[in-house]
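J.: Below is one structure. I have some questions about it.
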Amino acid sequence: MGCTLSSQANNVSDKVLGSNPASKAKNQSNTSSSTSSASLTPDQIVAALQERGWQAEIVTEFSLLNEMVDVDPQGILKCVDGRGSDNTQFCGPKMPGGIYAIAHNRGVTTLEGLKQITKEVASKGHLPSVHGDHSSDMLGCGFFKLWVTGRFDDMGYPRPQFDADQGANAVKDAGGIIEMHHGSHTEKVVYINLLANKTLEPNENDQRFIVDGWAADKFGLDVPKFLIAAAATVEMLGGPKNAKIVVPSITPPQIVSALRGRGWKASIVKASTMSSELKRVDPQGILKCVDGRGSDNTQFGGPKMPGGIYAIAHNRGVTTLEGLKDITREVASKGHVPSVHGDHSSDMLGCGFFKLWLTGRFDDMGYPRPEFDADQGAL
């Protein structure tokens, strides 16, 4: 396909979808692109999609190690459509409708504006494209069909002043590529990729929608609007409301570098040097605190996290007892024995991590304090 496999981690774009339910899409769409791309997180993308009735989860690059590819200048900037194509240079960025996504987001509705976008995409190192399909010719792009027929009107997007054939001819005249898809839609999942200069490739035998969120940032788009429009497109076309948000895996050298930056001594060791000590996680082992002291519970074969399950609540910003109970049940459902701990001298405040959290030592890092004390949390 002209693409190079790589597992290097890349930075997540700071501009990702905020928690805008469908009912707020119009207001979001009317916000100026220069001000609305607030710094948001993958967790907020998940929350926003879940508010729209989607299933959504965060996955790391590592889980797609054999599928992520480097973006190649010979790859076309193409539609998110998962079907087969007469152009297999799939290693360019994926955006709804190809370059139509840029025009749509910016409110560009003229053929001259579309030609300028075609040239801009080429100047930034990608092959611009739009597509049709075997059954509907240039109206075979579902995104463009929704746009030209006014399905985005209530979200504040003006319709294009050209039809599908005119748009394709303008892109071609400006040096772009016309791609033709074939087959029926059978996409099962929507990948929203936040790894800059990385992408996934379509597989017509195992279809998925692929949305490169980082590409919207590269072209200066309003990223929340872009992602909301992508979600709305899938919804209006009857696609799967099932999303995976792809984020970078942190590499061991990056961990070492970060710790050294904080004044730590840090090095990488191989599992083979600790083969007599490393154990397989046992479902009977407790998910426990990282604390190295002795314990009245010696089922040490579970995962270790600061404060046991408090680490999960702390990371997610869960501060209520009900939320803590839900995490306890979640940990059990994933095959571990959930736990927190105290000690012989301070009772349930003997967990240093929880004490730091409760007394506000993480306040300046943006972590809200728990709304319960150590005894309440344990109970």
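J.: Working carefully through the options THR298, THR328, find the one that is among the hydroxyl-bearing types (Ser, Thr, Tyr) and part of a helix (DSSP H, G or I).
T.: THR328
J.: Tell me, please, whether a residue that is within 30 Å of the chain's Cα centre (by Cα) and open to solvent by 80 Å² or more (accessible area, probe 1.4 Å) can be found in segment 285-298.
T.: Applying the first criterion (within 30 Å of the chain's Cα centre (by Cα)) to segment 285-298 yields 287-290.
Filter again for open to solvent by 80 Å² or more (accessible area, probe 1.4 Å), leaving 290.
Yes.
J.: Ok, one more. Just to be sure, is PHE353 assigned to a helix (DSSP H, G or I), within 34 Å of the chain's Cα centre (by Cα) and either in contact (Cβ under 8 Å) with a residue 60 or more places away in the chain or surrounded by 14 or more Cβ atoms within 10 Å (Cβ to Cβ) (or both)? Reasoning before the result, please.
T.: Values: assigned to a helix (DSSP H, G or I): yes; within 34 Å of the chain's Cα centre (by Cα): yes; either in contact (Cβ under 8 Å) with a residue 60 or more places away in the chain or surrounded by 14 or more Cβ atoms within 10 Å (Cβ to Cβ) (or both): yes.
Yes.
J.: Could you check how many residues of segment 159-169 are part of a helix (DSSP H, G or I) and open to solvent by 20 Å² or more (accessible area, probe 1.4 Å)?
T.: 3
J.: Take PHE152 and decide whether it is more than 18 Å from THR88 (Cα to Cα), free of Cβ contacts under 8 Å to residues at least 60 places away in the same chain and open to solvent by less than 10 Å² (accessible area, probe 1.4 Å).
T.: Working: more than 18 Å from THR88 (Cα to Cα): yes; free of Cβ contacts under 8 Å to residues at least 60 places away in the same chain: no; open to solvent by less than 10 Å² (accessible area, probe 1.4 Å): yes.
Here the answer is no, as PHE152 does not meet what is asked.
J.: Being open to solvent by 70 Å² or more (accessible area, probe 1.4 Å), of a type in the set (D, E, K, R) and at pLDDT 95 or above narrows it down to one residue among ASP347, ASP326; which is it?
T.: On the way: ASP347 fails: at pLDDT 95 or above.
Result of the check over ASP347, ASP326: ASP326.
J.: Sticking with this one: Only one of (1) open to solvent by 50 Å² or more (accessible area, probe 1.4 Å); (2) farther than 30 Å from TYR191 by Cα is not met by LYS241, so which one is it?
T.: With respect to (1) open to solvent by 50 Å² or more (accessible area, probe 1.4 Å); (2) farther than 30 Å from TYR191 by Cα, LYS241 is out only on (2).
A quick yes/no check of all residues on (1) more than 27 Å from the chain's Cα centre (by Cα); (2) open to solvent by less than 30 Å² (accessible area, probe 1.4 Å):
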residue	(1), (2)
SER257	no, no
ALA266	yes, yes
LYS279	yes, no
ALA313	no, yes
THR319	no, yes
GLY342	yes, yes
LEU358	yes, no
ARG361	yes, no
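J.: Then there's this: Please find, among LYS78, LYS94, the residue that is open to solvent by less than 10 Å² (accessible area, probe 1.4 Å), touching a Gly at 6+ places or on another chain (Cβ under 8 Å), modelled with pLDDT of 95 or more and not β-branched (Val, Ile, Thr). Don't jump to the end; show me each part of the working.
T.: Working: LYS94 fails: touching a Gly at 6+ places or on another chain (Cβ under 8 Å).
Answer to the selection: LYS78.
J.: So which residues in segment 170-216 are assigned to a strand (DSSP E or B) and open to solvent by less than 10 Å² (accessible area, probe 1.4 Å)? It would help to see each step written out before you state the result.
T.: The initial filter retains those residues of segment 170-216 that are assigned to a strand (DSSP E or B), namely 177-182, 190-193, 195, 198-199, 209-212.
Scanning segment 170-216 gives GLU179, HIS181, VAL190, ASN193, LEU195, LYS198, THR199, ILE210, VAL211, ASP212.
The values are calculated or read from the model by the stated rules, or taken from the named source; none is laboratory data. Just so we're clear, the structure is a prediction, and the values are computed from it rather than from any experiment. Neighbour counts are summed over all protein chains in view; Cβ atoms, including those assigned to glycine, are modelled from backbone coordinates with ideal geometry. Side chains are part of the model used for accessible areas, which takes the heavy atoms of the whole protein and leaves out ligands, DNA and RNA. Shrake-Rupley method; radii C 1.70, N 1.55, O 1.52, S 1.80 Å.
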